[in-house]
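Step one of this worksheet: look at the structure below.
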C-alpha cells in the first residue's frame, strides 16, 4: 500500500503574474480558464495589454466557438477584460515533419512591465 502523499500545485513563475487594476492572476489561473473552454484549443497564447488580456486561440474545431461566448467565459474565470482572436497558431504541416520543436511561449507580458 502506498503512503498518503501531499499534493503540490504549481501556480507558475512569479515573473508571469499579471496585475490588472486590483486583480492578480498567474499562469495557473490562465491555463485553468483556457482549458475550461469547449472545445479546448490545440494552441493558445495570451498577450498582456494596457486594457486587459488578448487571447489567440487555435483549434481544428474553431467553428464551434463564438468569440462573444469565449470572451464571456474567460472574463468569468479571470475577472479581467478579455478580447479573443480565433486564429491559426499551428502550422499543421510542421506537426507531421520530423524537425525538433522549440518550447512555445504561452504568456507574453508587456515590454515595460
Within the range 58-91: backbone nitrogen closer than 15 Å to the residue 43 label point (7 Å, Cα to C-beta): 58-62, 85-91
The range 15-77: C-alpha gyration tensor shape, a/c 1.5 cut-off, then a/b vs b/c: prolate
Overall form of the range 1-47 per C-alpha gyration tensor (a/c, 1.5; a/b vs b/c): oblate
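All of the numbers you see were taken from the coordinates with simple rules; none came from a lab. None of the values given here were measured: they were computed from a predicted structure. As a convention, Cβ positions derive from the backbone with ideal geometry for all residues, glycine included, and neighbour counts pool all protein chains shown.
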